[in-house]
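The values are calculated or read from the model by the stated rules, or taken from the named source; none is laboratory data. All values derive from a computational prediction rather than experimental measurement. All Cβ positions, glycine included, derive from the backbone under ideal geometry; neighbour counts span all protein chains shown.
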Amino acid sequence: MSRIGKKPVIIPAGVTAKVEGQSIAVKGGKGELSFVAPEHVSLAFADNKIAVTPRNDSKQARAMWGMTRSIVDNLVTGVSKGFERKLEITGVGYKAAVAGKNLQLSLGYSHDISFPIPAGIAIVAPKPTEISITGIDKRQVGQTAAEIRALRPPEPYKGKGIKYAGEFIFRKEGKKK
């Protein structure tokens, strides 16, 4: 039994949801998202709650049960509150700035990196060493943050690079004389 899948997704005030067969469309103050559930689970909408149930007791259906419930919950949270991911830049001369529809990054390479901001994502650099990524789609926000972090991941000796806010970087001891 999936402990996550058993819980119904509660629809807050100001959010409307429409379930038609395997597809669900959620609309809220921040935007609109939709999702098509796998065939192994069924969706039911009643009393401002969306319930996800497996169609049978197969291993595949039980695996899809909790995942589908989490995705539906992320849709509802995204259109009501949105998602945010923060990145921190560490290193001498490393900085970020938003210029139009691009994120300009100076990360110690011989050239500056221009990262195009995807549609549906808002990127703000409140300080030259901080990046804030916001949007309504959790997957897209996380993917964008991972792509930016991959441009210069933190290294273990001095900790220079781009890391998630609150991420612990395992530090190594340098060479000894």
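Table: residues versus (1) surrounded by fewer than 17 Cβ atoms within 10 Å (Cβ to Cβ); (2) more than 30 Å from residue 6 (Cα to Cα); (3) at pLDDT 95 or above.
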| residue | (1), (2), (3) |
| --- | --- |
| 84 | yes, no, yes |
| 89 | no, yes, yes |
| 100 | yes, yes, no |
| 107 | no, yes, no |
| 124 | yes, yes, yes |
| 145 | no, yes, yes |
| 148 | no, yes, yes |
If we keep only residues of the stretch 10-31 that are more than 19 Å from the chain's Cα centre (by Cα) and of a type in the set (Val, Ile, Thr), then the residue surrounded by the most Cβ atoms within 10 Å (Cβ to Cβ) is 24
If the requirement is being at negative phi, out of contact with any Gly (no Cβ under 9 Å at 6 or more places or on another chain) and among the aromatic types (Phe, Trp, Tyr), which of these qualifies: 170, 83?
170
For the stretch 133-171, name all the residues that are closer than 26 Å to residue 82 by Cβ and charged (D, E, K, R).
137, 138, 139, 147, 149, 163, 167
Kindly provide the set of residues from the stretch 51-72 that are within 16 Å of residue 23 (Cα to Cα), touching a residue at least 60 places away in the same chain (Cβ under 8 Å) and of a type outside the set (A, V, I, L, M), ordered by number.
65, 68, 69, 70
Matching residues, the stretch 61-107, being touching a Ser or Thr at 6+ places or on another chain (Cβ under 7 Å) and of a type in the set (Asp, Glu):
84, 88
What pairs can you find where one residue is in the stretch 124-148 and more than 23 Å from residue 67 (Cβ to Cβ), the other is among the small types (Gly, Ala, Ser) and in a helix (DSSP H, G or I), and their Cβ atoms are less than 8 Å apart, with a gap of 6+ or different chains?
133/145
Take residues that are among the charged types (D, E, K, R) and tell me which of the strands (runs of 3 or more DSSP E) falling wholly in the stretch 117-177 contain 1 or more.
130-135, 161-164
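For every residue, the table says whether it meets (1) among the polar types (S, T, N, Q); (2) under 27 Å from residue 42 (Cβ atoms).
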| residue | (1), (2) |
| --- | --- |
| 63 | no, yes |
| 71 | no, yes |
| 75 | no, yes |
| 80 | yes, yes |
| 99 | no, no |
| 116 | no, no |
Taking residue 142 as the residue in question, decide whether it is in contact with a Phe, Trp or Tyr (Cβ under 9 Å, 6 or more places away or on another chain) and under 30 Å from residue 13 (Cα atoms).
yes
Residue by residue through the stretch 43-65, note down the ones that are among the small types (Gly, Ala, Ser) and closer than 18 Å to residue 76 by Cβ.
44, 46, 51
Look at the stretch 37-80 and say how many of its residues are in a loop (DSSP other than H, G, I, E, B), of a type outside the set (Gly, Ala, Ser) and farther than 19 Å from residue 10 by Cα.
6
